[in-house]
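Here is the structure we will look at.
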Amino acid sequence: MNESEAVLLRPIGIVRSPVKEVADDCWGGVLATVELDPQQFGPDSTMGLDQYSHVEVIFFLNRIPLEKIEKGARHPRDRSDWPKMGIFAQRSKGRPNRIGATVCKLESVRGLKVRMWELDAVDGTPVLDVKPYLKGFAPRGEVREPPWAAELMSGYFKKGGRR
């Protein structure tokens, strides 16, 4: 495959969430469900997933308009008090391929319904993959980030906000 070929992905399921509109913050306390597609999977596809405390969910940010896609640098959240950063130096929802990824605390697994806390994807978001979170894939060594990133995240998982 050369780098200009398109990649075709088929969603494996859909997000069911109380959050109906795209939001930047306040994902704390949100209990969402990933409903896996019964046309593609049987209940045995989630066998053993309940043995994990966390899952990583990869999803397609389908509600982000193409004209909002970033390819260069910008101030995160358009805040000029934060430094201008390239799109690959931030976790903006306006990513070139509109792919989101979040590690969530697993609540329950019942057949093709996987419930989790604080999935930052709105209701109806297509899910591309669900993986168990393994400590072995966590960062090794010290994690470093700029001060503005910690400030941005300080309210991200705060409870309340738009639903």
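The values are calculated or read from the model by the stated rules, or taken from the named source; none is laboratory data. Bear in mind that the values here come from a model prediction, so they are computed numbers and not experimental data. Here the Cβ positions follow ideal geometry from the backbone for every residue, glycine too, while neighbour counts run over all protein chains shown.
Considering segment 35-62, the residues that are crowded, with 18+ Cβ neighbours inside 10 Å and among the β-branched types (V, I, T) include one that is nearest to K105 (Cα to Cα), namely V55. Between A149, A101, A121, the distinction of being closer than 16 Å to L31 by Cβ and not acidic (D, E) belongs to A121 only.
Name the one entry in L66, L61 that is closer than 26 Å to V7 by Cα, of a type outside the set (D, E, K, R) and in contact (Cβ under 8 Å) with a residue 60 or more places away in the chain.
L61 is the lone residue from the list that is closer than 26 Å to V7 by Cα, of a type outside the set (D, E, K, R) and in contact (Cβ under 8 Å) with a residue 60 or more places away in the chain.
The set of residues from segment 17-34 being surrounded by fewer than 17 Cβ atoms within 10 Å (Cβ to Cβ) and at negative phi comprises P18, K20, E21, V22, A23, D24, G28, L31.
Could we say that V55 is among the hydrophobic types (A, V, I, L, M, F, W, C) and in a strand (DSSP E or B) here? Judged against the criteria, V55 is a match. Checking each residue in segment 32-60 for being under 24 Å from R98 (Cβ atoms) and of a type in the set (A, V, I, L, M) picks out A32, V34, L36, V55, V57, I58.
Would you call G100 under 25 Å from K131 (Cβ atoms), within 18 Å of the chain's Cα centre (by Cα) and small (G, A, S)?
So G100 fits the description; yes.
The set of residues in segment 94-119 being surrounded by 15 or more Cβ atoms within 10 Å (Cβ to Cβ) and either among the small types (G, A, S) or at positive phi (or both) consists of G94, R98, G100, E118.
Put simply, of K131, K105, K113 the only residue that is modelled with pLDDT of 95 or more, among the basic types (K, R), closer than 26 Å to L49 by Cβ and more than 15 Å from the chain's Cα centre (by Cα) is K113.
Okay, residues lined up against (1) β-branched (V, I, T); (2) touching a helix residue (DSSP H, G or I) at 6+ places or on another chain (Cβ under 8 Å); (3) assigned to a strand (DSSP E or B); (4) closer than 21 Å to L134 by Cα:
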residue: S4; (1), (2), (3), (4): no, no, no, no
residue: V7; (1), (2), (3), (4): yes, no, no, no
residue: K20; (1), (2), (3), (4): no, no, no, no
residue: D24; (1), (2), (3), (4): no, yes, no, no
residue: T33; (1), (2), (3), (4): yes, no, yes, yes
residue: S45; (1), (2), (3), (4): no, no, no, yes
residue: K71; (1), (2), (3), (4): no, yes, no, no
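Filtered by the rule that a residue be of a type in the set (D, E, K, R) and closer than 24 Å to L9 by Cβ, segment 52-99 gives E56, R63, E67, K68, E70, K71, R91, K93, R95, R98. Just to be sure, is V127 within 24 Å of S45 (Cα to Cα), outside any helix (DSSP H, G or I) and among the aliphatic types (A, V, I, L, M)? When the stated conditions are applied, V127 passes them.
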